[in-house]
Amino acid sequence: MKKRLIIVMSVLALCLSLVFISSGQASIFDFGRKQDTVTIPRSQYERLQRYAQMDEILQYIETWYYEEPDVDALIENATRGLLYGLEDPYSYYYSAQEWSDYWADDEGEYGGIGIQILGNYLDYSVTVTQVFRDTPAQNAGIRKGDLLVRVEDIEVNAYTMQDAVNVMRGTVDEIVEIEVLRGTEYITFQVPRAIIHVNRVEYTLLEDQVGYIKLYEFAGESQKEFAAALTELRAQGAESLVVDLRDNGGGWVDAAIDIADLFLDKELLVYSMDRYGTRDEKGYYTQDGKDDIPLVILVNENSASSSEILSGGLQALGRAKIVGVQSFGKGIIQTVIPLNSNTEGFQFTFAQYYLPNDQAVHKIGIAPDVIAEMPEELKSVYYDLGDMTDPQLQKAWEEAKDMKK
């Protein structure tokens, strides 16, 4: 310790003999540099001054750190820290690779393990809400309802959830170590990545001419796939419809609006409000031209975001009956911003949304018209499409059957 202090004091003494520092307005790094000047507005200068301390630290690191630092990595992590500072699990940064993976996921094919997860804003836990069929996750034994607690060396919570997703995606055949909490037991899995094909819409015709559409997420071409499913079910003779949004964590707002448009004439479905209390007067509207098919929407505690816009908006307008349990309660909207010529990006929360009856959703959720709970022992069961031993689907089917004209 004494030797290190002597060296540091000697260096500082040498530097101080070469440059005069007055009132903290210069630093030892100013010596020998060409002092170019530019003229900028005072507002910009004052803004830059807010980051002067960070830049001063970076200059020390660049010059005196004991190894050559990776400055790009430092800046990237500082950017992540800026968004982490919001303490909002829905705001985060995408590196170039993460940005590419994000859009690959939206296209419905990516290298991963085959799960969907949802972060809880109350206790910050992260739950596995979907395990896709015939994927490494299902083959390894991961189940819907497991709490995701660790991915490699990342302790997973709502704030680190996106970091965990970034690790689970990547090079095919590489092994990812996953730890979950199932009940009171911690279980570790070694899961290889594979190419995951996301089937966002499935449908079938149930008994008594009740159509059934399962929508897994609002992404990619989901609205077109949904419209095609509705058209096909109508051609098969469907006289009422169940839309299953259970465990659907959301996605693009526009996709929810487009799907609602199939069942409404021109109506305000949802509107947003910023932190200043300014309402988006433009709102999100559907357009004229609707299918009048009687409609039941099935939701559960993991139905979130765009699922709540679709179900809550149609419920508020008297267009659909909601069956299930209270939904998740994610009533905020994120925007995705590209950076550096669309090679990187970030997303952050910019507004809350409200239903057409001015009902808030955030941390509240959508209350069902008809309560249908899933027994605890059945919550991790995988039902085949349209399996009527599923008690919640059975109840939704009964309601849809009674609504037929």
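Ordering of 330-337, 51-58 by packing is 330-337, 51-58, highest average first (other Cβ atoms within 10 Å, averaged per residue). For the chain, treating each Cα as an identical point scatterer without solvent, what Debye log10 I(q)/I(0) comes out at q = 0.08, 0.09 1/Å? The Debye formula, applied to the Cα set alone, gives -0.54, -0.65. Residue order for Met168, Met374, fewest other beta carbons within 10 angstrom first, comes to Met374, Met168. Largest GNM mean-square fluctuation across Asp288, Asp36, Asp384, computed for the chain with C-alpha springs under 10 Å, falls on Asp36. Loop-only chymotrypsin sites (Phe, Trp or Tyr not before Pro) in segment 233-313, please: DSSP not H, G, I, E or B, and at most 10 other Cβ atoms within 10 Å. The qualifying sites are Tyr276.
Computed over the chain with a Gaussian network model linking Cα atoms closer than 10 Å, the most mobile of Thr37, Thr188, Thr171 is Thr37. Put in line by how crowded their Cβ is, counting other Cβ atoms within 10 Å and starting with the fewest, Glu67, Glu239, Glu155 read Glu67, Glu155, Glu239.
When both segment 52-73 and segment 188-226 are represented by their alpha-carbon centers, they are found 48 Å apart. Protection proxy ranking for 351-363, 290-302, using the average of other Cβ atoms within 10 Å per residue and placing the highest first: 290-302, 351-363.
Annotation: peptides 314-321, 199-206, 338-345, ranked by per-residue average of other Cβ atoms within 10 Å with the highest first, follow the order 314-321, 199-206, 338-345. Counted by Cβ distance under 9 Å from Gln209, the other residues give a net charge of -1, where Lys and Arg count +1 and Asp and Glu count -1. Dividing the helix sum by the residues of the chain, where each DSSP H run of 4 or more adds -39500 (n - 2.57), gives a mean residue ellipticity at 222 nm of -9000 deg cm²/dmol.
Take the Cα of Glu107, step 7 Å toward its Cβ, do the same at Arg279, and the gap between the two points is 4.1 nm. Shape class for segment 43-85: oblate, because the ratio a/c of the largest to smallest gyration tensor axis (alpha-carbon atoms, square roots of eigenvalues) is 1.5 or more and b/c is at least a/b. Can you tell me the FRET efficiency between Thr204 and Ala73 if r is taken as the Cβ-Cβ distance and R0 is 56 Å, rounded to the nearest 0.05? Between Thr204 and Ala73 the formula returns 0.65. Amide H contacts under 5 Å for Gln130: Gln116, restricted to partners 5 or more places along the chain or on a different chain, H placed in the peptide plane at 1.01 Å from N.
No value in this document is a laboratory result; all are computed from the given coordinates. Values in this document were obtained by computation on a predicted structure and should not be read as measured data. Reconstructed Cβ throughout: ideal geometry from the backbone, glycine too, with neighbour counts over all protein chains shown.
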